[in-house]
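Enquirer: The following block contains the structure, expressed as structure tokens.
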Ligand SMILES: [Zn+2]
């Protein structure tokens, strides 16, 4: 569901950005730099850790669809119109941080349902055949 836009580039040993490449490191490349602007990182830290090294127990990274987050924060007029046509009401909006958390933590099934609800061109309605066929589930679509 969620796309993970990534920027990948190379630098020489002095940190100078090297020109674009065609899938291979350019001549003179020393460092590869990968940036993930649409990724939520969750870190677990042991507060009782007393040893040497890092108290970090685990780190998890999940991507999210930037377009879905934008629609959840500040939908465009066409998205608002689609929301009303599809559901008879506007979808709720959220602050940016809440929208990122909701979009990133959604499984494929509820991410697609959210996209449809928010008036995007992709996704499907909750309860539809595609929604029923989707094998994923999470706390958002299957509350415990
Ligand atoms: Zn779900």
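Enquirer: What are the extents of the Cα atoms of region 76-117 along their three principal axes, in Å, largest first?
Expert: Result for region 76-117: principal-axis Cα extents of 27, 23, 13 Å.
Enquirer: A follow-up question, please. Comparing 42, 76, 98, which has the greatest mean-square fluctuation in the GNM of the chain with Cα pairs linked when under 10 Å apart?
Expert: Of 42, 76, 98, the Gaussian network model singles out 42 as fluctuating most.
Enquirer: Where does the chain land at 222 nm, in deg cm²/dmol rounded to the nearest 500, when only DSSP H runs of n ≥ 4 count, each adding -39500 (n - 2.57), divided by all residues?
Expert: Numbers: 5 runs with 44 residues, N = 144.
Result for the chain: -8500 deg cm²/dmol, rounded to the nearest 500.
Enquirer: Peptides 14-21, 57-64: what's the order by average Cβ count within 10 Å, highest mean first?
Expert: Going by the mean number of other Cβ atoms within 10 Å, highest first, we get 57-64, 14-21.
Enquirer: How much of the pair distance distribution for the chain lies past 19 Å, counting alpha-carbon pairs only, in percent?
Expert: 64
Enquirer: For the chain, take the longest principal axis of its alpha carbons; what is the angle in degrees between that and the long axis of helix 77-87, to the nearest 10 within 0 to 90?
Expert: 50
Enquirer: Choose one answer from 97, 24, 79: the residue with the largest mean-square fluctuation in a GNM of the chain with alpha-carbon springs under 10 Å.
Expert: 24
Enquirer: Rank-order 131-137, 117-123 by packing density, defined as the average count of other C-beta atoms within 10 Å over each peptide's residues, highest first.
Expert: By packing density, highest mean first, the sequence is 117-123, 131-137.
Enquirer: Nearest 10 degrees is fine. How inclined is helix 96-105 to the longest principal axis of the chain, computing both from alpha carbons?
Expert: 90
Since every read-out is calculated from the coordinates, none of them should be taken as a lab result. Note that the structure is predicted; figures quoted are calculated from it, not measured. Every residue, glycine as well, gets a Cβ built from its backbone with ideal geometry; the counts of neighbours run over all protein chains shown.
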